[in-house]
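One structure below.
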Amino acid sequence: MASFFDMDLPVLFSSQEITLSTKQDSLFCKITFVFASTSTITRREFVSKLSDILSPDPWSVIGDFNAVLGTHENRSCRIELPVTIFIR
C-alpha cells in the first residue's frame, strides 16, 4: 500500500506545528497541522515563521491558532491580539 506522504520529502515541525509534504506526479502539496500557543508573544513569533513555509505550491493549514476575532469569543476577562496578525 502506497503512502500518501512522500517520506523522502522534508517534514517540518516545531512545538506549534507539523508540516508534511506530498508529491503526485509533478504536483507538490503541503499540509500544516497547527496547535498554536496560548501565549500571545509565542503565537505571534510562530505566525511570522509561517512565511518560511510559503511556496507557490498548494498549501493547507489546519488547526487551532488560539486566536479570537473579538471579545464576544473570549471567556476570560482579558482579550489578547485579534486574528488581524494573519492579515497582510
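Derivation of every value follows stated rules applied to the coordinates shown; laboratory data play no part. All values derive from a computational prediction rather than experimental measurement. A quick note on method: Cβ atoms are made from the backbone with ideal geometry, for glycine too, and the neighbour counts reach across all protein chains shown.
Going from the residue with the fewest nearby Cβ atoms within 10 Å to the one with the most, 9, 27 rank 27, 9.
Were the residues from residue 60 through residue 38 laid out at 0.36 nm apart, the gain over their Cα-Cα distance would be 5.8 nm.
Using Cβ contacts closer than 10 Å as the measure, can you line up 57, 52, 25 from fewest to most?
By the 10 Å Cβ count, ascending, the order reads 25, 52, 57.
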